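One structure is given here, and the rest of the page talks about it.
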2 protein chains.
Amino acid sequence: MAKQEDQERASQEKIRIARSKEIADKLVEIGNRIIRELEKYENPAVSIPVRSLSNVYYDEKARLIRQGNNKSDRTYFNVAQSKSFMQTMLMASKLRDLLEQGSTVGLRQLFYMCRGGIPGTNENTFDEQEESDPIVEDVEGMLDALREEMNVYADRKGILCGDLKIVDHGDEIDCSKLGSSGYGIPSIVEKGRVDFVDCKADYILIVEKAQTWSRLNEDKFWKKNKCLILTGKGQPARGDRRLAARLHKELDLPVYVFTDMDIWGYYIYSVYKQGSINLAHFSEKSAMPDAKFLGFMTRDVKKYDIPKNYWIPLDNEDHKRVKEISNYEWFKNKKEWLTEFKSLLDFKNKVEQDALVGKGIEFMAKKYLPEKIESKDWFD
Amino acid sequence: MAKQEDQERASQEKIRIARSKEIADKLVEIGNRIIRELEKYENPAVSIPVRSLSNVYYDEKARLIRQGNNKSDRTYFNVAQSKSFMQTMLMASKLRDLLEQGSTVGLRQLFYMCRGGIPGTNENTFDEQEESDPIVEDVEGMLDALREEMNVYADRKGILCGDLKIVDHGDEIDCSKLGSSGYGIPSIVEKGRVDFVDCKADYILIVEKAQTWSRLNEDKFWKKNKCLILTGKGQPARGDRRLAARLHKELDLPVYVFTDMDIWGYYIYSVYKQGSINLAHFSEKSAMPDAKFLGFMTRDVKKYDIPKNYWIPLDNEDHKRVKEISNYEWFKNKKEWLTEFKSLLDFKNKVEQDALVGKGIEFMAKKYLPEKIESKDWFD
């Protein structure tokens with residue numbers, strides 16, 4: 001490794017640690033304020049952003065889904081809120097410990113760390129992980145920080161390959177030399193933990209399915225076409241979105257998304273591009289508004305002569321979801337998408353990317369994808 | 001890489017290719033025989049091993065679950081069998097193509113490749129992947145070959161880290177330098193595709209949960225304890241079992257398994273150790289009868305003072321499964337296991353390995369696991 005790169009990464013690591021301290025300090029500050037308020041017999045409260053569709057909007061200018069400014073107070077002396085207030089405090093205190101230790105833990109491990117139990121009672125602070133996960137998101141909102149910055153990981157999903165070196169916790173990993181395995185994308189990919197060096201790729205190709213990724217990797221598509229190939233295995237995990245967005249922004253790489261020709265695939269594209277409703281507070285760090293949708297598109301069926309035995313009839317769920325998605329702000333003003341939705345309904349069938357292997361093992365790698373990219377045949 | 005290793009791997013690759021040819025030849029032979037029989041107006045048939053509990057037994061001597069010798073004939077001129085006969089033929093022909101090309105495909109891709117469609121009709125040869133997956137297993141049985149040897153992969157799950165170099169399709173991957181990512185275990189890990197060099201580990205530690213793997217990897221448990229750490233993320237995929245078994249046998253490494261303290265964890269151990277009922281034909285290639293179960297055990301609860309707030313009450317499903325598993329041949333003569341099952345029922349609770357992080361971030365890495373292994377506190 002070049003010396004300059006070493007210095008660059010050492011400085012990233014410093015920035016990460018400074019950010020850890022900043023978040024820990026915020027937590028201490030909140031804790032101290034609450035103690036003071038309790039000592040004065042006041043009713044302490046914390047302010048949490050509202051996480052519901054009503055507080056989510058599409059930012060036309062930035063072209064991403066954002067959380068609005070509505071907040072709700074969570075107070076201690078309030079029968080309806082005191083449990084969640086205490087949960088929030090316990091979670092905040094454990095997160096502070098993690099930040100100070102610099103260690104990371106998983107969401108389920110964190111649930112147990114906070115399960116608590118109130119001395120002298122049979123009560124747990126948390127009975128199920130379904131209670132603790134949202135409290136982590138509350139703390140994210142309270143501090144305007146990401147779970148990943150507070151050292152908490154989730155189960156991971158995605159894989160990446162291509163001509164890029166990644167430095168992951170000090171280990172330099174050459175993503176062009178990982179055989180059939182690829183780089184398994186960690187849940188936490190913040191700067192200072194995961195950094196990039198020596199990228200020789202010209203763009204990022206995101207594919208919906210793991211089996212597509214494997215096929216393209218075996219065909220060395222990334223090598224012949226100078227790209228990175230990433231899959232989030234269906235709906236991507238946060239780490240997959242964050243890594244793709246960092247590569248896109250920091251290395252200035254265009255992003256193309258290739259999914260099934262169905263409403264679920266279209267929506268996966270939309271999550272990569274402008275974020276999701278549930279994680280609106282995460283869009284800024286992970287959305288890629290310039291991403292393009294390569295396909296599979298309804299018009300490709302005819303163009304590439306996809307035989308009927310690869311079609312699967314749409315069911316009620318598909319119809320319902322097309323209707324729902326057509327009304328989302330970020331689709332409803334886009335003519336090409338509304339036309340695509342209509343065309344999908346008219347066609348009455350969907351086509352999975354797995355089916356394309358039926359057109360020949362190398363059809364995707366040698367014909368479909370290169371032609372699509374070459375002729376810029378994509379949707380915005 | 002040393003020259004000797006290069007030669008060794010080249011010879012593995014040759015063996016793999018010879019095996020591919022052998023399987024392809026068997027397929028051609030079956031195909032030719034069937035054509036001859038048809039030309040003579042005979043009723044062609046293939047013989048498929050029966051894959052049900054009735055044809056599965058526990059081999060006491062080899063200490064693994066095996067498939068019995070019951071076979072059933074699948075014939076062409078038989079209303080009840082002619083569809084599955086044709087499905088088997090189409091599948092066999094596509095598998096032969098794959099073997100000749102040397103390319104690999106995923107099970108879903110293979111489904112589409114075989115979906116077929118009979119000319120002049122609206123019939124598909126396969127309507128759902130649920131139909132084609134068992135036919136792949138039928139062909140495995142018919143040929144006494146593995147899906148992996150016929151170049152068909154499934155979605156993968158597991159991860160590995162430790163002081164070992166793996167050569168994966170020619171790329172040398174140092175599993176001690178993969179940061180927080182680890183080596184994502186491919187679905188196909190047969191010799192010639194995936195080979196081992198330079199192992200400095202003394203044993204293999206298999207852990208049930210991905211989050212446990214991440215915690216131990218971050219604590220560099222593998223480095224301090226000279227081991228490989230592998231997780232199959234719950235029930236392992238075939239590739240995870242096969243890779244573990246190859247490491248165990250070829251490198252002569254003892255295997256320890258660490259799961260949740262519940263019947264599902266105990267059964268995961270059992271699958272690694274003696275195989276599973278559904279994949280009885282796969283046991284020989286993947287079982288590790290010498291594997292030991294480290295825990296978590298009911299007696300550890302007291303020994304390590306696991307507080308009540310980490311316990312989860314057993315439910316009906318747990319009770320039902322304990323009963324079922326107690327009657328399996330491979331458990332019912334093992335006194336320590338029967339005692340453990342009883343003790344679990346008496347304790348009325350289960351404990352997940354995730355909970356142990358509540359005893360301290362490094363409790364697993366610094367106390368529990370080293371003590372267990374040091375004192376040989378395990379079940380067979």
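Each value in this text was obtained by applying a stated rule to the coordinates, not by laboratory testing. Nothing here was measured: the structure is a model prediction, and the numbers come from that model. As a convention, Cβ positions derive from the backbone with ideal geometry for all residues, glycine included, and neighbour counts pool all protein chains shown.
With the simple spin-label model, which puts each label point 7 Å out from Cα in the Cβ direction, the B:GLU329 to B:VAL79 separation comes to 3.8 nm.
For peptide B:106-119, compute the average count of partner chain beta-carbon atoms within 10 Å of each residue's beta-carbon. If you can, show how the numbers build up before the last one.
On the way: counts 9, 2, 9, 14, 4, 5, 11, 8, 2, 7, 3, 4, 1, 0.
Partner-chain Cβ atoms within 10 Å, mean over residues of B:106-119: 6.
Highest-first packing order for the peptide set B:346-355, B:333-342 is B:346-355, B:333-342, based on the mean count of other beta carbon atoms within 10 Å. Both the radius of gyration and Dmax for region B:119-199 are 17.7, 58 Å, in that order, over alpha-carbon atoms. Amide hydrogen proximity for A:ILE206: with H placed 1.01 Å from N in the peptide plane, the residues at 5 or more positions away or on another chain lying under 5 Å are A:LEU230, A:TYR256, A:VAL257, A:PHE258. Using the average count of surrounding beta-carbon atoms within 10 Å as a protection proxy, the listed peptides B:13-21, A:42-50 rank, highest first, as A:42-50, B:13-21.
With coordinates expressed along the principal axes, the C-alpha atoms belonging to the protein assembly as shown extend over 100, 69, 55 Å, beginning with the largest.
In chain B, the alpha-carbon atoms span a convex hull of 160 Å³ per residue. Among the residues of A:166-179, the average count of other protein chain beta-carbon atoms within 10 Å of the residue beta-carbon is 5.
Run lengths n ≥ 4 of DSSP H only: what is the helix-derived mean residue ellipticity at 222 nm for chain B, with -39500 (n - 2.57) per run over all residues, to the nearest 500?
Values: 14 runs with 163 residues, N = 380.
The per-residue figure over chain B is -13000 deg cm²/dmol.
Note that region A:159-374, at 10 °C in a medium of 1.306 mPa s, gets a Stokes-Einstein diffusion coefficient of 89 µm²/s from its Kirkwood radius over C-alpha pairs.
Label sites at A:LYS26 and B:GLN7, each approximated as a point 7 angstrom past Cα along Cα to Cβ, lie 6.2 nm apart. For A:LYS14, the lysines whose Cα falls under 16 Å of its own Cα, not counting residues fewer than eight places away in the same chain, are A:LYS191.
Panel order for B:ARG246, A:ARG51, by other beta carbons found within 10 Å of each beta carbon, from fewest to most: B:ARG246, A:ARG51.
Normalised by the number of residues in region B:159-374, what is the relative contact order in percent for Cα pairs under 8 Å and 6+ residues apart? Provide the component values of the computation, followed by the final result.
Values: 339 pairs, mean separation 38.9, N = 216.
Averaging sequence separation for qualifying contacts and normalising by length gives 18 percent for region B:159-374.
Sort the following peptides by mean Cβ neighbour count (other Cβ atoms within 10 Å, averaged over residues), highest first: A:294-301, A:56-63. The partial results should precede the final answer.
Values: A:294-301: 21.2, A:56-63: 14.9.
The packing order, highest mean first, is A:294-301, A:56-63.
Average 1/r across all pairs of distinct alpha carbons in region B:1-145, invert it, and you get the Kirkwood radius: 17.4 Å. Specify the inter-centroid distance of region B:1-60 and region B:186-253, based on alpha-carbon positions, in whole Å. One Cα centre to the other: 28 Å. In this entry, region A:114-248 is assigned a mean projected area of 10.0 nm², taken as a quarter of its C-alpha convex hull surface.
Selection among A:GLY170, A:MET142, A:VAL197 by position relative to the dipole of region A:131-227 gives A:VAL197 as farthest towards the positive end (Cβ unit charges, Cα centre). In terms of distances greater than 26 angstrom between alpha carbons, the cross-link table entries B:LYS303/B:LYS348; A:LYS177/A:LYS359; A:LYS224/A:LYS359 yield A:LYS177/A:LYS359. Could you tell me whether region A:266-380 comes out rounded, prolate or oblate from its Cα gyration tensor? Rule is a ≥ b ≥ c as square roots of the eigenvalues, rounded for a/c under 1.5, then prolate if a/b exceeds b/c, otherwise oblate. Taking the square roots of the gyration eigenvalues as a ≥ b ≥ c, region A:266-380 is oblate. So what's the angle, to the nearest 10 degrees on a 0 to 90 scale, between helix A:82-101 and the longest Cα principal axis of chain A? Tilt relative to chain A: about 80 degrees. Derived scalar couplings between HN and Hα for region B:197-211 equal 9, 6, 7, 10, 8, 9, 7, 10, 9, 9, 10, 5, 9, 4, 5 Hz in order, rounded to whole Hz, by the Karplus curve 6.51 cos²θ - 1.76 cosθ + 1.60 (θ = phi - 60°), x for Gly and Pro.
The long axis of helix B:316-326 is offset from the longest Cα principal axis of chain B by roughly 80 degrees. Taking the C-alpha atoms only, the angle from helix A:238-250 to the longest principal axis of chain A is near 70 degrees. Taking 7 Å steps out from each Cα toward its Cβ at A:ALA62 and B:MET86 produces label points 5.8 nm apart.
Only Lys, Arg, Asp and Glu count, each charged at its Cβ (+1, +1, -1, -1), so figure out the dipole size of the protein assembly as shown about its Cα centre, rounded to 20 debye.
Numbers: 124 positive and 128 negative charges, 17 e Å.
With Lys and Arg at +1 and Asp and Glu at -1, about 80 debye.
Using a cut-off of 31 Å between Cα atoms, the listed pairs B:LYS223/B:LYS308; A:LYS334/A:LYS372; A:LYS94/A:LYS165; B:LYS200/B:LYS308 include B:LYS223/B:LYS308; A:LYS94/A:LYS165; B:LYS200/B:LYS308 as exceeding that distance.
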